[in-house]
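The values are calculated or read from the model by the stated rules, or taken from the named source; none is laboratory data. None of these values were measured; they are calculated from a predicted model. Cβ placement follows ideal geometry from the backbone for every residue including glycine, while neighbour counts extend to all protein chains displayed. Note: areas computed on protein heavy atoms with side chains; ligands, DNA, RNA excluded. Shrake-Rupley method; radii C 1.70, N 1.55, O 1.52, S 1.80 Å.
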Amino acid sequence: MRLILNKLKFHLKNNLARITILLMTVFVSTAQSAEKKVLIAYFSVPENVALNGVDAATGASVLLKNGNVVGSNQYVAQLIQQQTGGDIYRIEAPFEYPDTHDPLLEFAQKEKRTNTRPAIKTPLPDLEQYDTVYVGYPIWWYQMPMIMYTFFEQNNFSGKTIIPFTVHGGSRFSGSIKVIQNLQPNADVVTTGLAISRNRIDSEQIPSQVSQWLNTFTKQ
Ligand SMILES: Cc1cc2nc3c(=O)[nH]c(=O)nc-3n(C[C@H](O)[C@H](O)[C@H](O)COP(=O)(O)O)c2cc1C
């Protein structure tokens with residue numbers, strides 16, 4: 001009888017140890033996934049326009065924020081970065097895009113016509129550390145700039161949440177969210193992205209509009 005009791009105690013102890021280890025593993029892995037960070041990736045080409053001491057040139061994609069010249073999508077990316085504490089990554093080609101309007105229009109039109117995939121200068125940081133990626137870009141000729149196709153074709157966002165945003169000249173997303181869904185079928189692409197007209201990008205309301213929009217993702 002005593003032998004049986006001892007065996008029972010031994011099994012109980014062993015199982016308790018196993019359960020404790022299992023619970024600790026679950027706890028640690030949950031804590032690790034809760035630690036995953038936010039990445040903000042953006043493409044933006046600020047145009048070289050005289051700002052005459054004001055914060056923005058009418059209808060142009062350039063702003064002066066805290067003494068720095070920034071593009072309109074760059075500005076929204078920075079607001080998202082400040083408000084989420086995420087990491088920021090600029091999508092850049094190894095060459096300079098024209099910084100005046102008409103040459104840029106022509107350059108972008110040629111890229112589109114020839115279905116070019118401009119190279120990306122710096123690789124993305126390791127995506128393993130992120131579960132949410134905000135992606136911002138202008139609309140060029142009714143679609144994403146061609147370098148955004150390179151971006152979505154070169155990187156694998158499976159299992160990540162992609163949250164698009166754009167500052168545009170009137171076309172809003174112009175069907176680009178659907179394109180991202182097709183290029184990243186295993187990502188959760190949020191369809192309630194933020195589209196801001198460049199005509200009001202310098203409005204004082206933009207920072208609070210961005211934070212209200214961000215709250216829709218953090219307050220579930
Ligand atoms: C080459 C080019 C093509 C554009 N085509 C469109 C367009 O088709 N639809 C639209 O709404 N805006 C269009 N725009 C306006 C840009 O989307 C807008 O200026 C945007 O804010 C620029 O963003 P950025 O300053 O971050 O580069 C175009 C701008 C450029 C330079």
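For the reader, a short list of remarks on this structure follows.
- Considered as a group, the residues in region 60-95 that are β-branched (Val, Ile, Thr) and not in a loop (DSSP other than H, G, I, E, B) include one that is nearest to ILE163 (Cα to Cα), and that residue is ILE80.
Let's see how each residue does on (1) more than 10 Å from the ligand (Cβ to nearest atom); (2) aliphatic (A, V, I, L, M):
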residue: TYR134; (1), (2): yes, no
residue: ILE139; (1), (2): no, yes
residue: PRO145; (1), (2): no, no
residue: PHE152; (1), (2): yes, no
residue: ASN155; (1), (2): yes, no
residue: HIS168; (1), (2): no, no
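- Of all residues in region 118-148, those being surrounded by 14 or more Cβ atoms within 10 Å (Cβ to Cβ) and within 18 Å of SER176 (Cβ to Cβ) number 17.
- Count of region 63-113 residues, restricted to those that are within 18 Å of VAL49 (Cβ to Cβ), among the hydrophobic types (A, V, I, L, M, F, W, C), open to solvent by 70 Å² or more (accessible area, probe 1.4 Å) and more than 10 Å from the ligand (Cβ to nearest atom), is 1.
- Whenever a residue of region 123-135 is without any contact (Cβ under 8 Å) to a residue 24 or more places away in the chain, it has no partner that is basic (Lys, Arg) lying with C-beta atoms less than 6 angstrom away and at least six residues away or across chains.
- Just one of the numbered conditions (1) assigned to a loop (DSSP other than H, G, I, E, B); (2) closer than 24 Å to PRO94 by Cβ is not true of SER158: (2).
- Here ILE139, ILE147 are screened, and the one residue that is in contact with a His (Cβ under 8 Å, 6 or more places away or on another chain) and within 27 Å of LEU214 (Cβ to Cβ) is ILE139.
- Some residue of region 160-169 being open to solvent by 40 Å² or more (accessible area, probe 1.4 Å) and more than 14 Å from the chain's Cα centre (by Cα): yes
- Candidate set: region 175-189, residues that are surrounded by fewer than 18 Cβ atoms within 10 Å (Cβ to Cβ) and in contact with a strand residue (DSSP E or B) (Cβ under 6 Å, 6 or more places away or on another chain); chosen: the one farthest from ILE147 (Cα to Cα): ASP188
- The residue that is least open to solvent (accessible area, probe 1.4 Å), counting only those in region 205-220 that are more than 21 Å from SER44 (Cβ to Cβ) and in a loop (DSSP other than H, G, I, E, B), is LYS219.
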